Amino acid sequence: MKRLRKKGSALFLSALLAIALTACSTGADMPGVDPAPTTTTESEAAAATTTADAAAAALSESDITINQTIENSVGGEHAVTADGETASYVNTKVVKTGDSTQNDEADFYGDNAAVFATNGATLDLSDMVIKTGGAHANAVFSYGEGTTVNISNSYIETSGNCSGGLMTTGGGTMNATNLTIRTSGNSSAAIRSDRGGGTVNVTGGSYTTSGTGSPVIYSTADITVNDADLTSTASQGVVVEGKNSVTLNNVTLSADNNTKNSDKSDWYQAVMIYQSMSGDAAEGTSSFTMNGGTLTNQNGDVFFVNNTATDITLQGATILNNDADGYFLRAAAAGWGTDGSNGGQVSLYAKQQTIDGDMLVDDVSHLNLYLSDGSAFTGAINADGQAGEVYVELRDGATWALTGDSYITSLTCDADSIDLQGHTLYVNGVAYTAGTASTGSAIAVVSTGGSGNGDAPGSTPPDKPGSGDAPGGTPPAKPGSNN
């Protein structure tokens, strides 16, 4: 059986995160934790200080000097448009109200966005306040290959459902520096992409979501975030769909996934990697990378992988799970894809990394776990018995301390890599002998997502976290239109 475990230092760190971020919030409820004094490690204290400094530096609306205001209240229209041109706005407040009734037009092509760039435009924005109050009213939208939006030192707030902060589709590019983004609607990721994806680069700033199905990052693109503070108070912190990527460099991420966006999964998690089969993301191997920084999970599992193949790379990150019953990694079938082929196919690479928590790999999933460069794993794998295939490789001083009986199918390790701590490690059904070296083989990736059972068009609520109503079918190009 899984052990029950909770770290006092992790609770204290989370309390500091919640207190610091609440001071900069726009009124959304923040996750509460017990602030009882406890002992922290130097790394945890440093992470808390960094987070507090980042939150204190977050921009508010009053920090921006405004010289002009642009407003639009007509559903489907934009307040600011850059169409095939180079344009710039500085010290400008943009206010967009009005709903879009064309959900696909809004989610894929920018209908009803406050600020919209398309047809190869280059749009430069700085010292902006951008606020939207309608449904399907994204704040800043970059659509199409060759289109680039550069935005810096700005405050963004959206309150309607399906209204992201930054939105990129159809191969567009979004470059953001030192933003504060607050979204409160459902299916309203702060950093968001949809069909056709693109490239998103974010550096610095503070990004908070409080709606159902509103992770801080929803990726059907290649998204990189550096030195930023990310907080979700109801949803996953990060969702990666299909053959796409998220890279976090020195980022502080706190996720409290406590509400359901659909009935397709029974579990909560901080990072979800999956394939919805809606047609919004190509099938293939996705990736999630975290270099340094801190990830704090308040509820459920840290990582959940379903109906896709993925590479997870962790190096020197502090990862804390405040749910004693949650897994560090769950690779398992859920409601997406075809039964029997919709598990999670995971290759997890850990370098100079501490991993504390159990892992579960169900019978339609597999895991290749590569620990190197002094990484330390404390936990059990499939403690309740053999299920999916699991290969574990420990090299270059990496160690594994078992906290329960574990069942894997193949093992590579040095003689001193594994501390059984009184438990039994079964390798392909045979008990491992303490103090012996082993050489095994990794598991081939055999699936990148099962077919069928996609989300129904116009579903309410949407079955995809961070996305609008899940459509299907059409490619991202919009023939015969400039929008």
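Values quoted throughout were computed directly from the atomic coordinates according to the rules given, and no laboratory measurement underlies them. Please read all numbers here as calculations on a predicted model, not as lab measurements. Using ideal geometry, Cβ is built from the backbone for each residue, glycine included, and neighbour counts are taken over all protein chains shown.
Neighbour counts of other Cβ atoms within 10 Å put Leu402, Leu295 in the fewest-to-most order Leu402, Leu295. With the cut-off at 1.5 for a/c, could you classify the range 112-229 from its C-alpha gyration tensor as rounded, prolate or oblate? Rounded shape, in that the Cα axes give a/c under 1.5. For the range 205-213, the Karplus equation 6.51 cos²θ - 1.76 cosθ + 1.60, evaluated at θ = phi - 60°, returns couplings of x, 9, 9, 9, 10, 10, x, 5, x Hz by residue, with Gly and Pro reported as x.
The peptide list 248-258, 406-416, put in order of mean Cβ contacts within 10 Å with the highest first, becomes 248-258, 406-416.
Rounded to whole numbers, the Karplus 3J(HN,Hα) couplings from phi for the range 172-177 are x, 10, 10, 10, 10, 9 Hz, using 6.51 cos²θ - 1.76 cosθ + 1.60 with θ = phi - 60°, and x at Gly and Pro. Once the mean of 1/r is taken over each pair of separate Cα atoms and inverted, the range 209-315 shows a Kirkwood hydrodynamic radius of 13.5 Å. The string of couplings for the range 139-144 from the Karplus curve (6.51, -1.76, 1.60, θ = phi - 60°) is 7, 10, 10, 10, 10, x Hz, one whole number per residue in order, with x for Gly and Pro.
What does the C-alpha gyration tensor say about the overall shape of the range 160-228? Classify as rounded when a/c is under 1.5, otherwise prolate if a/b is larger than b/c, or oblate. Verdict is oblate for the range 160-228.
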